[in-house]
Structures are given as C-alpha cells and as structure tokens.
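**Q** There's a structure below that I have some questions on.
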Amino acid sequence: MFSDKQADLHLNDWNADPSQDVQLSTLAPEVTASTQTSFTINGHAYYLAESACGINPAPSVGGACTNLDTRFVQPPNVLSDASATQVAPQAEWPLINGWLLVEAKWASDGKWHGITKEWLGLGFARGLAVPAAPGTNSLTVVGSGANTDVRNAILYLQVQADRNGDGAITSSDYVTFKQVGSGSTITTPSTPYGATSQYNWYPINLYDAREGENYDQRTSTFPYSGSTDTCTANGIMNAVEIDVGNLKAWLTSNTGTGKNVDYATQNGYILYFSDRRGMQYDPVHSPNALLGAYGFEDTVNYSAGGTFAPDNRLEPANYNGVSPEDVEQWNDNTLSTYGVKTVGDAFGTQTTNDTDAASPKNPFAHRFACYTVGRVNRVTGARHVLKLVDGSLGNLPTMPPANAINNCAVSATNPTGCGGFTVASENPVYIQGNYNSNCPAAVGGSPSPCTPGNTNYDQTWTSTTAPEPPHAAASIIADAVTLLSNNWQDAGVTTATTNGSLINPINTTGGQTVPAQQPNRIAVTSYYRVAVAAGKTIAFNNTSQTPEFAYGTDGGLHNFLRFLEDWGGISTQQTLY
C-alpha cells in the first residue's frame with residue numbers, strides 16, 4: 001500500500017507495528033528535515049531518486065533547472081512528514097514520494113506481518129531492460145558492466161537515468177552540479193549505489209494516450225513523435241512494477257519469510273495493491289476519508305461538441321438514463337472534479353494552474369515535452385498505476401506441489417492443480433509482455449513473440465489437441481486493465497520508431513493501417529492467459545461518429561481490455577492471444 005499520509009496505510013486489521021511503515025520521500029534532508037535513507041544490499045548503499053538540479057543558480061517554482069539536468073521542473077511543494085504537510089521545495093527534491101507498507105498474512109497465526117523492509121532490502125530499482133525471467137534484473141556500472149545486487153527485487157520504483165536517451169548508461173549520462181545541502185560541487189557517480197547515487201535515477205513513467213488525449217482528431221500539424229513531441233498531465237502515469245517471477249521465487253525460497261505466507265485458504269495467492277498517493281478528499285461525499293477514486297469526471301463533454309474540453313457541468317443522461325460522466329455513480333447530479341488537483345504540479349506553472357486553480361479544471365489544456373519533462377519528473381497527482389512484469393509461463397506463483405497442507409499436484413489433465421494467483425488493485429493494472437503463457441514454439445524476430453530464455457512453450461495456441469502446460473489459475477481484478485505487448489517500452493530511445501510511449505506518444509497522421517505506420521507504438525504478437533474483471537466506460541449516443549466511430553460505444557475490447565499500441569504490426573498484422 002502506498003499513501004501520502006502514514007495513517008492511511010493502516011487498515012482495520014493492521015498489526016499496530018509502525019516500524020514497517022517506510023517514508024519514501026526522505027532523500028532531500030534540506031527540505032524534509034529527515035534522515036537520508038538507504039538500504040544496504042550486498043554491501044552497497046542504495047537510495048531512492050532525487051532530482052539532479054542543484055544551486056547556482058537554483059530554479060524557481062514551476063521553472064526548469066537552468067543547468068545540469070534541465071529536464072527537471074521544480075514543483076510547488078513536497079510532502080514532508082507523516083501528515084503530508086506541504087513544504088516549499090529547494091533546488092533538490094525527492095522523485096519518489098509518499099509512504100509504503102507491505103504486509104503478508106502468515107499461515108501459522110492468520111495475522112498480517114510487515115515485510116516492507118525485507119522487500120526493499122531485495123532492491124527497489126531496475127536497469128533499462130524490463131526483466132523477463134526471475135533473477136535477471138541487472139544495473140549498469142559504467143566501465144564495469146552489469147551489477148546484479150538487486151537481481152531478486154520484487155518491487156521496482158525507479159529506473160536508471162538514461163539522460164541522453166540512447167538506450168545505454170554511459171559517462172554521457174553524468175552531470176556535475178552544486179548540491180544544496182553541502183554546497184560542494186559533485187559529479188554523479190559511475191555506480192548505481194553509494195554517495196550521491198540518488199541522482200542516477202528516474203521514476204518509472206509512461207504515457208497512456210487513452211487517458212491523456214480527450215480529443216482524437218488528427219491534423220497535419222499535430223506533434224506526433226520525437227524528443228519534442230508533447231503530451232498532457234492527465235496521461236503521464238507513474239508505475240510501480242511487480243516482478244512476478246521474483247515474487248514467486250521469494251514465496252518458495254528458504255531465505256526470507258516468503259514460505260510463511262498463507263496459500264491454502266484462497267487456493268493460492270492473492271496480491272492486493274493500493275496506491276493512493278496524490279488522491280484528494282471528496283468535499284461532498286467523503287471529506288475525511290479517501291475513496292480510492294480519481295475524482296475527475298469531466299472527461300466526455302460530447303454535448304459541448306468541438307474539442308470536447310472540460311466544461312464543469314455533468315453530461316446529460318443518455319438513452320440508458322445515466323450520464324456518461326457519472327462514473328462514481330453518486331446519482332445526485334454532481335460532477336466530481338476535486339481529484340484533479342495537483343495532477344499538473346510537476347510539469348510547470350501552466351499545468352499547475354490548469355489543475356489547481358482554473359475554472360473549469362482542465363488537465364488537457366496545456367501540453368509539454370513528453371520525452372523530457374514527462375519522463376523525468378515525479379507524478380504529483382492521482383496518476384499512479386501497477387505494472388506486472390516477468391509474468392511469462394511458469395513465472396506466476398502457485399501453491400508448492402506436494403506441500404504438507406494439501407499435497408497438490410499438476411498434470412496434463414489438471415494443469416492448475418496447485419491453484420492460482422490473483423491480483424486485485426484499486427489502481428489501473430498494466431500487463432507487460434506474455435503473461436501466464438508463452439509462444440507455441442521457438443520463433444525468431446526482434447522482438448520475438450516468445451519470452452527470452454523461456455523454453456516452456458504453450459502449444460495450445462496452434463493445436464487443439466495439445467495438452468495445456470502447467471500454469472496458474474490467474475485473474476486480475478482492477479479499475480482498468482491494459483495489455484502491453486512484448487514490444488512495449490515506457491520511454492523508448494530518441495531514435496525509436498516502433499515503440500516508446502514517451503518518445504512516440506500518439507499515432508501518426510495516417511491512422512491505423514496494416515502494417516502500422518511509423519513512428520508509432522507498434523505491438524508484436526503476445527500471449528495472455530488470465531481472467532479479467534474490470535470497469536469500462538459508460539456508453540452514450542454518437543450518431544455522427546465524431547471524432548471517430550468508437551467514441552461512446554458500449555462493449556468491444558477497446559473499452560474493456562485496453563490497448564495503447566497499434567496492432568497493425570511492424571511488417572504484418574500482429575495477433576493478440
């Protein structure tokens with residue numbers, strides 16, 4: 001669980017042990033008056049990310065750093081204590097904010113036990129490549145190659161800072177600046193650990209065009225791709241990644257407490273995820289308790305026509321008697337806009353005004369450079385999501401075969417005999433790459449539809465007589481579920497033409513074709529075996545099919561299971577299994 005306030009981490013059955021509550025935003029002591037925190041892993045001190053901005057001269061609120069890493073924009077405040085008190089920032093600020101609590105229910109006593117520090121002690125960062133197999137997460141040490149200190153990490157909160165966007169960590173990514181606290185001039189180190197290494201990280205941000213673009217009209221002048229392409233505050237999502245394969249390894253390892261976790265009660269494992277950082281209190285319906293909702297419904301505006309910009313009024317009820325904007329279903333003719341506050345704070349004075357002071361509030365009003373500003377700055381509002389990685393066939397947790405409790409077993413006739421793995425999330429969930437499945441046979445290509453290094457193939461996609469391979473009975477229950485192919489990259493590199501949500505955030509002027517036009521985010525064939533329960537948009541009449549035919553429709557995979565890539569393929573049409 002993540003939250004801005006420490007108290008919001010504690011549910012009714014909390015074990016009353018605050019020692020496992022970890023404040024993530026303690027890396028700017030000159031701002032938070034806290035002790036700088038690190039975790040020692042394999043003898044190395046690892047830190048959470050901090051902006052590499054510095055003084056001489058210092059930036060102004062809402063302005064970009066005038067030297068060093070000029071991609072950073074100084075936010076109007078940081079949250080400094082257990083009560084999330086807003087404090088004016090200085091020239092450095094934490095990029096990972098809020099509080100974290102991880103708990104596990106043990107089989108021996110049926111009680112929750114805090115394991116936050118155990119998980120963070122395995123690592124909390126990854127290299128540029130998203131791991132596709134357990135134990136393969138590696139970081140780059142400039143001049144020395146790969147470092148495997150955090151190979152078993154389960155939580156990924158940050159990624160190594162590829163400042164020039166060339167897809168590698170090199171000396172070109174160093175910056176030299178004058179620190180706020182000491183006033184001394186330092187150069188960021190070649191290692192991802194040790195003194196001043198907190199400046200070597202970026203948050204894991206991606207651009208969700210479904211959330212960021214409220215008007216799908218194409219024009220010849222719209223900025224579609226490249227390092228100067230633009231996006232909106234509403235579409236920049238900050239992801240917490242769960243390495244599913246490493247989670248399974250922890251649950252079955254003889255080291256750590258994973259083997260204590262109860263698996264029999266639910267016929268497997270359930271992972272519950274909640275990230276309420278940036279969420280606001282509903283002043284009408286719940287002024288004293290967070291609801292777990294975004295709290296911004298002014299997103300349809302079909303009746304207003306034109307660009308469908310927010311207009312601060314509830315869309316009229318449609319043929320079904322429901323307003324398509326009443327997604328929180330209060331049924332009292334109120335339009336929720338309270339939750340958009342602070343969403344624009346990280347990206348400049350214009351976007352801050354758009355979400356905090358303007359009337360109507362509009363997180364789509366002003367655009368900014370997606371690959372620079374959107375990639376490196378912390379997400380300040382309720383735009384946090386869960387991303388599942390390393391979930392290929394054989395990597396999902398199941399009950400241990402032949403365990404002492406129920407002696408479960410898997411076979412060709414009962415491939416899920418040891419139960420399953422459920423993810424339940426208050427937040428949107430993104431699945432990256434093959435999940436609980438794999439290609440039916442080895443196939444080449446770059447990228448390949450097969451999970452790298454996984455020879456556990458799933459022949460059921462091409463053969464009706466092939467037995468199902470052993471797998472987890474998998475499900476995901478979430479607000480929204482987005483399927484990302486094996487070709488997905490959150491940021492991409494500056495030369496990318498087929499992937500990268502931040503370098504190529506929007507489809508080209510030509511729309512969708514086969515093969516897909518470039519530059520673009522282009523899917524490759526990918527495989528998913530999972531049951532999904534999720535929300536969808538509320539339907540409304542769109543007889544004129546403006547700006548395109550699907551706007552307002554009910555049903556369809558584009559409204560239920562979400563996609564952010566063009567499945568026309570790089571050379572031929574690709575398939576979603």
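**Q** Return the residues of the range 155-170 that are buried (at least 22 other Cβ atoms within 10 Å of the Cβ), under 24 Å from Gly391 (Cβ atoms) and of a type in the set (Gly, Ala, Ser); say none if nothing qualifies.
**A** Answer for the range 155-170, where residues must be buried (at least 22 other Cβ atoms within 10 Å of the Cβ), under 24 Å from Gly391 (Cβ atoms) and of a type in the set (Gly, Ala, Ser): there is none.
**Q** Quick one: Asn353 ticks every box in (1) modelled with pLDDT of 95 or more; (2) outside any helix (DSSP H, G or I); (3) among the polar types (S, T, N, Q) bar one, so which box is it?
**A** (2)
**Q** Spot the failing condition for Gly511; the list is (1) touching a residue at least 40 places away in the same chain (Cβ under 8 Å); (2) on the phi < 0 side of the Ramachandran plot, and only one is missed.
**A** (2)
**Q** Moving on. Only one of these is of a type outside the set (Ser, Thr, Tyr), surrounded by fewer than 22 Cβ atoms within 10 Å (Cβ to Cβ) and at pLDDT 95 or above: Gly226, Gly183, Gly292, Gly258. Name it.
**A** Residue meeting the stated conditions: Gly258.
**Q** I've got another one for you. Is the range 124-140 home to any residue that is in a loop (DSSP other than H, G, I, E, B), hydroxyl-bearing (Ser, Thr, Tyr) and farther than 29 Å from Asn454 by Cα?
**A** Taking every residue of the range 124-140 in turn, none turns out to be in a loop (DSSP other than H, G, I, E, B), hydroxyl-bearing (Ser, Thr, Tyr) and farther than 29 Å from Asn454 by Cα.
**Q** Just a yes or no: is a residue in the range 462-478 at pLDDT below 95, surrounded by 17 or more Cβ atoms within 10 Å (Cβ to Cβ) and more than 22 Å from Thr572 (Cβ to Cβ)?
**A** no
**Q** Quick check on Gly445: is it surrounded by 22 or more Cβ atoms within 10 Å (Cβ to Cβ) and over 19 Å from the mean Cα position of the chain (by Cα)?
**A** Answer is no for this residue.
**Q** Turning to a different aspect of this structure: Is at least one residue of the range 308-320 over 27 Å from the mean Cα position of the chain (by Cα) and among the basic types (Lys, Arg)?
**A** Yes, some residue in the range 308-320 is over 27 Å from the mean Cα position of the chain (by Cα) and among the basic types (Lys, Arg).
**Q** I'm trying to understand the selection: among the residues of the range 506-523, which are of a type in the set (A, V, I, L, M) and either more than 22 Å from Tyr371 (Cβ to Cβ) or in a strand (DSSP E or B) (or both)? Give the derivation first.
**A** Going residue by residue through the range 506-523, those that are of a type in the set (A, V, I, L, M) are 506, 514, 516, 522-523.
Scanning the range 506-523 gives Val514, Ile522.
**Q** Still on this structure, please answer the following. Can you say whether Thr26 is modelled with pLDDT of 90 or more, polar (S, T, N, Q) and either assigned to a strand (DSSP E or B) or under 23 Å from the mean Cα position of the chain (by Cα) (or both), as far as the supplied structure shows?
**A** So Thr26 does not fit the description; no.
**Q** I've got another one for you. Under the condition of being assigned to a strand (DSSP E or B), over 24 Å from the mean Cα position of the chain (by Cα) and not aliphatic (A, V, I, L, M), which residue from the range 56-108 is farthest from Asp345 (Cα to Cα)?
**A** Filtering first and then ranking leaves Trp106.
**Q** A further question on this structure: Restricting to the range 46-55, count the residues that are over 25 Å from the mean Cα position of the chain (by Cα) and in a strand (DSSP E or B).
**A** 1
**Q** Right, something else. Among the residues of the range 463-475, is there at least one that is within 21 Å of the chain's Cα centre (by Cα) and either of a type outside the set (Lys, Arg) or in a strand (DSSP E or B) (or both)?
**A** yes
**Q** Something else: Could we say that Ala531 is more than 25 Å from Thr307 (Cα to Cα), exposed (fewer than 15 other Cβ atoms within 10 Å of the Cβ) and of a type in the set (A, V, I, L, M, F, W, C) here?
**A** So Ala531 fits the description; yes.
**Q** Follow-up question, since we're still on this one. Could we say that Pro310 is surrounded by fewer than 20 Cβ atoms within 10 Å (Cβ to Cβ), on the phi < 0 side of the Ramachandran plot and assigned to a loop (DSSP other than H, G, I, E, B) here?
**A** So Pro310 does not fit the description; no.
Condition check ((1) of a type outside the set (D, E, K, R); (2) over 30 Å from Phe124 (Cα atoms)) across all residues:
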{"residue": "Val300", "(1), (2)": "yes, yes"}
{"residue": "Gly321", "(1), (2)": "yes, yes"}
{"residue": "Asn333", "(1), (2)": "yes, yes"}
{"residue": "Asp345", "(1), (2)": "no, no"}
{"residue": "Thr349", "(1), (2)": "yes, yes"}
{"residue": "Thr352", "(1), (2)": "yes, no"}
{"residue": "Asn395", "(1), (2)": "yes, no"}
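**Q** A further question follows. Go through the range 329-384 and give me each residue that's of a type in the set (Asp, Glu) and surrounded by fewer than 24 Cβ atoms within 10 Å (Cβ to Cβ).
**A** Step one: list which residues in the range 329-384 are of a type in the set (Asp, Glu), which gives 332, 345, 354, 356.
Residues satisfying the conditions are Asp332, Asp356.
**Q** Give the range 173-188 a look and list any residue that's touching a residue at least 60 places away in the same chain (Cβ under 8 Å) and among the hydroxyl-bearing types (Ser, Thr, Tyr), or say none.
**A** Thr176, Thr188
**Q** Please verify whether Leu139 is in contact with a Pro (Cβ under 7 Å, 6 or more places away or on another chain), closer than 26 Å to Thr495 by Cα and touching a residue at least 40 places away in the same chain (Cβ under 8 Å), treating the condition exactly as stated.
**A** yes
**Q** I need every pair where a residue in the range 52-71 that is among the β-branched types (Val, Ile, Thr) has its Cβ under 7 Å from the Cβ of a residue that is part of a loop (DSSP other than H, G, I, E, B), sequence separation at least 6 or different chains.
**A** Pairs that qualify, where the first residue is among the β-branched types (Val, Ile, Thr) and the partner is part of a loop (DSSP other than H, G, I, E, B), are Ile55/Ala91; Ile55/Val180; Val61/Gln74; Val61/Pro76; Thr66/Pro57; Thr66/Pro59.
The values are calculated or read from the model by the stated rules, or taken from the named source; none is laboratory data. All values derive from a computational prediction rather than experimental measurement. Using ideal geometry, Cβ is built from the backbone for each residue, glycine included, and neighbour counts are taken over all protein chains shown.
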